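Undergrad: My structure is below; once you've seen it, I'll send some questions.
The values are calculated or read from the model by the stated rules, or taken from the named source; none is laboratory data. These numbers were taken from a predicted model, which means no experiment stands behind them. With ideal geometry, Cβ positions are generated from the backbone for all residues, glycine too; neighbour counts draw on all protein chains shown. Side chains are part of the model used for accessible areas, which takes the heavy atoms of the whole protein and leaves out ligands, DNA and RNA. Shrake-Rupley method; radii C 1.70, N 1.55, O 1.52, S 1.80 Å.
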Amino acid sequence: MEEKEARRILETYADMILRISYSYLRRTVDAEDICQNVILKYLSSHQRFDSREHEKAWIIRTTINACKDVRKSAFFVKTIGLDAVPERAIPEEPVSVLTEELKKLPVNYRISIHLFYYEGYTIKEIAQILGKRETVVANYLSRGRKRLKEALSKDSRFFPKEGEAYE
């Protein structure tokens, strides 16, 4: 494979792979490993794709499968991340309330919301990627949005109480 093609794949899909894997694994280091593995798998395979959409779907499916493999591994189950250690030498980056609430959602809700809102897939396309029925994906989206709304409505910055005005 040409260097030009390898650069195109890296520039086009690396961010998406990182976001999907982080959404699944909730660890930056693991997400980076998955990204590297998926890109290497793509470059070493001699897979031919009908279109860019087919290529993107293959990369998403491969990323999800790699994440599931990592989650099943004994290392993932039996270890704790550095973020669980009480003392931190480096101050935390500011994180939005929405991002924090998204992290709390179950994996299926998170992935469905990510693919729908961040990657622009339709419910039908998400169902094909995840191997689920369209009604199941629609339920994931609906329940995920409902949980986000409930969590964010507790924060007065998003939904002021009756009688209060937006500033």
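Undergrad: Determine if the range 41-48 includes at least one residue that is open to solvent by 70 Å² or more (accessible area, probe 1.4 Å) and in a helix (DSSP H, G or I).
TA: Yes - at least one qualifying residue is present in the range 41-48.
Undergrad: More than 21 Å from the chain's Cα centre (by Cα), open to solvent by 60 Å² or more (accessible area, probe 1.4 Å) and at pLDDT 85 or above: does that describe residue 69?
TA: no
Condition check ((1) modelled with pLDDT of 90 or more; (2) of a type in the set (Val, Ile, Thr); (3) closer than 22 Å to residue 25 by Cα) across all residues:
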{"residue": "116", "(1), (2), (3)": "yes, no, yes"}
{"residue": "121", "(1), (2), (3)": "yes, no, yes"}
{"residue": "125", "(1), (2), (3)": "yes, no, no"}
{"residue": "141", "(1), (2), (3)": "yes, no, yes"}
{"residue": "152", "(1), (2), (3)": "no, no, no"}
{"residue": "156", "(1), (2), (3)": "no, no, no"}
{"residue": "159", "(1), (2), (3)": "no, no, no"}
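Undergrad: Hey, among 93, 11, which residue is of a type in the set (Asp, Glu), open to solvent by 70 Å² or more (accessible area, probe 1.4 Å), more than 30 Å from residue 135 (Cβ to Cβ) and modelled with pLDDT of 85 or more?
TA: Just a single option satisfies the conditions, and that option is 11.
Undergrad: Residue 52: open to solvent by 20 Å² or more (accessible area, probe 1.4 Å), outside the structural domain of residue 120 (by the TED database) and touching a residue at least 40 places away in the same chain (Cβ under 8 Å), yes or no?
TA: When the stated conditions are applied, residue 52 does not pass them.
Undergrad: Can you tell me which residue is most open to solvent (accessible area, probe 1.4 Å) among those in the range 14-33 that are in contact (Cβ under 8 Å) with a residue 60 or more places away in the chain and assigned to a helix (DSSP H, G or I)?
TA: Checking each candidate, the answer is 19.
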